[in-house]
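Written out below as structure tokens is the structure these notes cover.
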Amino acid sequence: MAQHPDVDPPLPAAAGAASPPPPPRPGLSYAAPAPILVTPPTPRSVRLARTFWLFSFVAGLAVLIGSFLTRDSHLERLRTVVDQMAPGGEADAVTTSTAIVFWGSLGALLFMILLGAAALAIFSARHGWARWLMIPLLAGQVMVMVVAAAFLVPEGDAGSYVVLLWGAQLLLAFLGLVAVFVPSAGRWLKAGGIQSAQVSAARARQ
């Protein structure tokens with residue numbers, strides 16, 4: 001009877017193989033989670049302040065747009081004004097001086113409007129120092145208007161419209177300035193400062 005040679009039985013595939021180590025456990029975090037901030041509603045005084053200032057900007061821009069659209073008549077009128085201020089001047093010098101006066105007045109008024117818009121944006125971001133900046137800005141707006149009135153206020157009904165719009169601009173800006181100093185606006189700004197301090201402290205602990 002034939003005999004089969006001895007053959008060693010195969011070892012199991014896993015015999016002698018080391019099992020993979022378990023993944024490390026995440027370490028414990030002792031950092032406090034960031035606080036859940038509840039944004040308080042914007043008080044009515046702040047909303048009114050924004051509305052007053054925005055309409056003030058609209059009134060000022062209306063004067064600038066109207067003056068730009070009627071620039072030919074303004075320049076013609078200003079040639080006479082400049083010639084009376086410095087009689088006997090050359091025509092080119094009078095034309096240059098007229099352009100400088102007209103465009104300089106428009107540029108100064110536009111610059112003051114842009115500064116006011118920047119101050120309003122900073123205040124809306126809940127920075128309380130911006131409302132103190134609005135006081136000298138309003139005073140500067142009045143001085144610029146006084147100087148520009150000699151060059152941008154024509155005679156007749158057109159001049160009455162310019163004065164009316166400037167008066168509305170200053171009145172609305174003043175009402176907006178008063179609104180940012182009422183107690184409810186102050187509490188709103190103070191709450192924003194407390195929230196910013198809490199966020200900074202939570203980030204420092206992480």
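The values are calculated or read from the model by the stated rules, or taken from the named source; none is laboratory data. Note that this is a predicted model, so its numbers are computed, not measured. Here Cβ is always computed from backbone atoms with ideal geometry, including for glycine, and neighbour counts include all displayed protein chains.
Quick notes on this structure:
- Of all residues making up the stretch 131-175, the number that are in a helix (DSSP H, G or I), at pLDDT below 90 and of a type outside the set (A, V, I, L, M, F, W, C): 2
- Sole exception among (1) in contact with a helix residue (DSSP H, G or I) (Cβ under 8 Å, 6 or more places away or on another chain); (2) at pLDDT 80 or above for ARG77, by number: (1)
- Among the residues making up the stretch 71-97, those that are in a helix (DSSP H, G or I) and among the small types (Gly, Ala, Ser) are SER73, ALA91, ALA93, SER97.
- Qualifying residue in the stretch 86-98 (condition: under 27 Å from ALA168 (Cα atoms), of a type in the set (S, T, N, Q) and modelled with pLDDT under 90): no
- The number of residues in the stretch 125-147 being surrounded by 13 or more Cβ atoms within 10 Å (Cβ to Cβ) and over 26 Å from the mean Cα position of the chain (by Cα) comes to 1.
- Filtering ALA108, ALA121, ALA59 for residues that are touching a helix residue (DSSP H, G or I) at 6+ places or on another chain (Cβ under 9 Å), in a helix (DSSP H, G or I) and loosely packed, with under 14 Cβ neighbours inside 10 Å leaves a single hit, ALA121.
- Test for ILE100: is it within 30 Å of PRO41 (Cα to Cα), assigned to a helix (DSSP H, G or I), of a type in the set (Val, Ile, Thr) and out of contact with any Cys (no Cβ under 8 Å at 6 or more places or on another chain): no
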